[in-house]
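J.: Take this structure first; my questions come after.
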Amino acid sequence: MLNPALRCTAFSGSTRIATGELRHVAMKAKQVFDTHPERPLRVFEDAGGQTVELPLELPTVDLLRLIEYPEVRADTGNAHPYKRPPGRPKLGVVPREVTLLPRHWDWLAAQPGGASVALRRLVDEARKVSAGEDRRRAAQEATYRFMLVMAGDAPGFEDAARALFAGDAGRFENQLLAWPEDVREHALWLATDAFGG
């Protein structure tokens, strides 16, 4: 689902054309698409490095409406903001199946607050302990996804990927020297947390 406040970066070919909230980046991408439809245009979500698919062939007003109100299909004649039905609001609790051995269920049942409270507490504690490692891994994955799309056939790509996952910042930067400046700078920016401790 599109989020108008999602932080993104757009490239036309290897040139960075916009960085910021999706609603603004999409408008810049639309301008470039309308002027140069033959150029490859890609929009990346900054946090994860994934591409954001935007229907840039739509008229500007429909594209903006789709971003602001993603629940409404752009091709409907009667497009209006989504209205949530009356009733209890979603509280963010997501039920899913967990498979444990009987001894695990016995231990969870004996915890104050029951299994759900104990599991949430254990997950929160584990997240605190591994926060740095999780941040490093997320930066590596986001950088790799971006590099694969924008520079997958560029000189030094494979060595750069190896250096990225090995935590070798110097070698990583050296492999990017021959890449287009905007692609190189964005990859280095995405990798900011990839080499931290």
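We did not get these values from a lab; they are worked out from the coordinates using the rules stated. Treat the numbers as computed from the prediction; the structure is a model and nothing was measured. Here Cβ is always computed from backbone atoms with ideal geometry, including for glycine, and neighbour counts include all displayed protein chains.
J.: Quick check on region 30-67: of everything there that is touching a residue at least 40 places away in the same chain (Cβ under 8 Å) and assigned to a helix (DSSP H, G or I), which residue is nearest to residue 187 (Cα to Cα)?
T.: This residue is 67.
J.: One residue is enough: does region 157-165 have a residue meeting the conditions in contact with an Asp or Glu (Cβ under 6 Å, 6 or more places away or on another chain) and in contact (Cβ under 8 Å) with a residue 24 or more places away in the chain? Let's see the steps before the verdict.
T.: Here is the first cut: in region 157-165, the residues in contact with an Asp or Glu (Cβ under 6 Å, 6 or more places away or on another chain) are none.
No - not one qualifying residue is present in region 157-165.
J.: Could you tell me whether residue 146 is touching a His at 6+ places or on another chain (Cβ under 8 Å) and not β-branched (Val, Ile, Thr)?
T.: yes
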